[in-house]
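Peer 1: Below is one structure. I have some questions about it.
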Amino acid sequence: MAGERTIVVTGCSSGIGAHCARALKADGWRVFATVRKTDDLPGLEADGIEALLMDYARIETISELVDTVLKRSDGRIDALFNNGAYGQPGAVEDLSTAALRAQFEANFFGWHELTRQVIPSMRKHGQGRIVQCSSILGVVPYRYRGAYTASKFALEGLSITLRMELHGSGIHVSLIEPGPIATRFTANALAKIKENIDIENSPHAADYIRQLARLDGSGPVNRHKLGPEAVYSVLKHALNSKNPRPHYPVTTPAKQGMFLKRLLPADLFYRLMRWTD
């Protein structure tokens, strides 16, 4: 890929997306960064990043984004980093179908739509990189994260299938699977559990109290949590390597989870995960 390469990065209001957008800009990429709120545009624009509005749950904004980027970049999108997402905590039996559907709209269907819309440009130029910021919860299940886990399991399956189908096209698909990363993700999850889960009347009420302590910061601190720069280090490999990997686990818990899932019998592994906090 000669010259300035063009990349679309989603979910750039904070955390992983904001850090990676700025790091990519510093590394010479032309970055189109998306946010859902107008108030989040100026901070990115001040750093020379072309910031645009897009909401995965509103398909018209996805089409508008792709049209704008193609017009500005002379029809070229070299890479896509799907990143914007949120987590809906709650026991599976406490999740309404509406809450589950909203989780999939933001974490799965919107990603699929954006990915489909950038592939024609990549095919035209015979090359491209699609990197999905999945999660270790797309490989390993976790209690009270059923909605988020389901959306990431779906993303993993769809993305690896896409990777196989695009073989030989010059377009490579990779998944990044972070464990705990220091972002606003937990604060957003705290708002979602309060919004959509009837904690007081749930048979899981005692467990929710412990979960809320973790989300609001009053509980124990995760000593394995890394900064978003840990994600960027593997994103660079996925974007620049001649042979990018299908999977990039990030953080010690993510790597341990993948290893144990391969190593242990399924029943033993799931019993172990049942008591993991």
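Peer 1: Just for region 60-93: of the residues that are of a type in the set (Lys, Arg) and out of contact with any helix residue (DSSP H, G or I) (no Cβ under 7 Å at 6 or more places or on another chain), which one is surrounded by the most Cβ atoms within 10 Å (Cβ to Cβ)?
Peer 2: Among them, the one singled out is Arg72.
Peer 1: Still on this structure, please answer the following. Restricting region 147-169 to residues that are in contact with a His (Cβ under 8 Å, 6 or more places away or on another chain) and within 17 Å of Arg123 (Cβ to Cβ), which is most open to solvent (accessible area, probe 1.4 Å)?
Peer 2: The residue in question is Arg163.
Peer 1: List the residue pairs whose Cβ atoms are under 6 Å apart, where the first residue sits in region 61-77 and is over 10 Å from Ser121 (Cα atoms), the second is among the aromatic types (Phe, Trp, Tyr), and the two are 6 or more positions apart or on different chains.
Peer 2: If the second residue must be among the aromatic types (Phe, Trp, Tyr), the pairs left are Val69/Phe32.
Peer 1: What are the residue pairs meeting all of these: first residue in region 134-156, first residue at positive phi, second residue surrounded by fewer than 21 Cβ atoms within 10 Å (Cβ to Cβ) and not in a helix (DSSP H, G or I), Cβ atoms under 6 Å, and 6 or more apart or on different chains?
Peer 2: Tyr144/Ala91
Peer 1: Right, another one. Looking only at region 116-133, count how many residues are open to solvent by 30 Å² or more (accessible area, probe 1.4 Å) and in contact (Cβ under 8 Å) with a residue 12 or more places away in the chain.
Peer 2: Residues meeting the conditions: 6.
Peer 1: For region 75-127, give me the residue count where each residue is assigned to a helix (DSSP H, G or I) and not β-branched (Val, Ile, Thr). Step through it out loud before you land on a result.
Peer 2: At the first step, the residues of region 75-127 found to be assigned to a helix (DSSP H, G or I) are 92-94, 97-125.
If we keep only those that are not β-branched (Val, Ile, Thr) as well, we get 93-94, 98-114, 116-117, 120-125.
Summing the residues that are assigned to a helix (DSSP H, G or I) and not β-branched (Val, Ile, Thr) in region 75-127 gives 27.
Peer 1: I'm checking my understanding of the structure. Among residues of region 240-273 that are of a type in the set (A, V, I, L, M) and under 18 Å from the mean Cα position of the chain (by Cα), which one is nearest to Leu175 (Cα to Cα)?
Peer 2: If we filter region 240-273 for residues that are of a type in the set (A, V, I, L, M), which is where we start, we get 250, 254, 258, 260, 263-264, 266, 268, 272-273.
If we keep only those that are under 18 Å from the mean Cα position of the chain (by Cα) too, we end up with 250, 254, 258.
Numbers: Val250: 11, Ala254: 13, Met258: 14 Å.
Only one residue tops the list, namely Val250.
Peer 1: Being within 17 Å of the chain's Cα centre (by Cα) and among the acidic types (Asp, Glu) is the filter; apply it to region 140-185 and report the residue that is nearest to Met258 (Cα to Cα).
Peer 2: Selected residue: Glu177.
Peer 1: May I pose another question? Pairs, please: C-beta under 7 Å, at least 6 apart or cross-chain, first residue more than 18 Å from Ala213 (Cβ to Cβ) and in region 86-105, second among the basic types (Lys, Arg)?
Peer 2: Close Cβ pairs (under 7 Å, with a partner that is among the basic types (Lys, Arg)) amount to Tyr86/Lys192; Gln88/Lys192.
Peer 1: Further, regarding this structure: I'd like the full set of residues that are among the aliphatic types (A, V, I, L, M), within 18 Å of the chain's Cα centre (by Cα) and within 23 Å of His172 (Cα to Cα), limited to region 66-103.
Peer 2: Once the filter is applied, which keeps residues that are among the aliphatic types (A, V, I, L, M), within 18 Å of the chain's Cα centre (by Cα) and within 23 Å of His172 (Cα to Cα), region 66-103 yields Ala79, Leu80, Ala85.
Peer 1: Would you pick out the residues in region 60-84 that are small (Gly, Ala, Ser) and modelled with pLDDT of 95 or more?
Peer 2: Ser63, Ser73, Gly75, Ala79, listed by residue number.
The values are calculated or read from the model by the stated rules, or taken from the named source; none is laboratory data. Just so we're clear, the structure is a prediction, and the values are computed from it rather than from any experiment. Methodologically, a virtual Cβ is constructed for each residue, glycine included, from the backbone with ideal geometry; neighbour enumeration extends over all protein chains shown. Side chains included, ligands, DNA and RNA excluded: accessible areas come from the protein's heavy atoms. Shrake-Rupley method; radii C 1.70, N 1.55, O 1.52, S 1.80 Å.
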